[in-house]
Amino acid sequence: MNLIQIGLVDTTGHIDAALIRATAAALNVQVARDVAPFWAVHASVFVLPDPTHVPPGVWPVRLVAELPPPEGGFHLTRHNQPFAKVKATPDSDHWTKEASHEVIEMLVDPSGNRLKASRSIEIVDGRIQDGPGEFEYLVEACDPCESAQCAYSIQGIAVSDFITPNFYDPLATPGTRYSFTGALNAPRQIAPGGYISWIDPDSQQWRQLQYFDPAAVPTIVDLGLDTAASMRTWIHARMNSRGGEATAAAATQRNGALFQSAQRRRSNISISGVARAKNYF
Ligand SMILES: [Zn+2]
């Protein structure tokens, strides 16, 4: 088994250490229990105590205080090895869902170049439906269902929904899951707040369906011809130069109920943890 090591590391020095530990534990559960059965990826997520020490083989997920638009999300080192940056501030726990998003996408496509051919999509009367052609989609496992509305919680930590390989099926079949939570009810559907990118078969240029504003209808935009070693890196840079990712983050509805119930659950788990620990004395 190819076990990947992912190190969650706070570069700011201001994030609650207990929350970071709980997040690493929850991401371990998510990867092993929820992601592995669908994507056959195996990883161990742990807390990397010191950002200045990254042992060989570890892919860091760096919690950073500031994330200028061109720097969001997924990256490659000078040796083309994956790592991620997630903006985290002490006053919010929303970063846990972003960390989950980046961990899953790194595992499913470490190089940011994985393409999957499937039936084309188009927008008709404001709705996403199958088109007559075939697209090569960039496999970004969380983007179609990245909204906090699709997120769920593990041991009181909010984590991201993700697509399954059936997302690329030619048609919907009963009982099939297209995203882990069931937020998507057919292949190649994009939940409000999400997006997807593909290569247009005629022009060979990138196009993107954006559904950043849940109140508006989805739109398809041209991104041009990619010019970077990693297509995902290139696409994120293109989106950011147009305010895309920033727009997405701003427009994505916050799921206050999920984060509040996650917080309540964490404090309950903490209280029962104290009671339970007495069994061992
Ligand atoms: Zn993504």
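The numbers here are math on the coordinates, done by the rules we state, and not lab data. What you are looking at is a predicted structure, and each value in this text was computed from that prediction instead of being measured. Backbone-built Cβ (ideal geometry, glycine too); neighbour counts: all protein chains shown.
If I take every Cα pair under 8 Å that is 6 or more residues apart in the chain, average their sequence separation and divide by the length, what percent do I get for the relative contact order?
Details: 556 pairs, mean separation 42.9, N = 281.
Here the relative contact order equals 15 percent.
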Extent along principal axes [Cα atoms of the stretch 4-112; Å; largest to smallest]: 35, 31, 26
For the chain, built as a Gaussian network whose Cα springs stay under 10 Å, the top-fluctuating residue of 40, 26, 148: 40
Kirkwood estimate for the chain, i.e. one over the average of 1/r between Cα atoms, Å: 19.4
Alpha-carbon centroids, the stretch 29-72 and the stretch 83-150: separation in whole Å: 16
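Stick to Cα atoms and the Kirkwood definition of Rh, then tell me Rg/Rh for the stretch 115-251.
Details: Rg = 14.5 Å, Rh = 15.3 Å.
Across the stretch 115-251, the Cα-based Rg/Rh ratio is 0.95.
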Antiparallel content of DSSP bridges confined to the chain, in %, to 5: 65
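Give me 225, 115 ranked fewest to most by other Cβ atoms within 10 Å of their Cβ, as a rough exposure proxy.
Going from least to most buried by this count: 225, 115.
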MRE, 222 nm, helices only [DSSP H, n ≥ 4, -39500 (n - 2.57), over the chain, to nearest 500]: -8000 deg cm²/dmol
Interchain or long-range residues, amide H under 5 Å from residue 162's placed H: 180, 181
Relative contact order (%) - the stretch 126-281, alpha-carbon pairs under 8 angstrom, separation at least six: 23
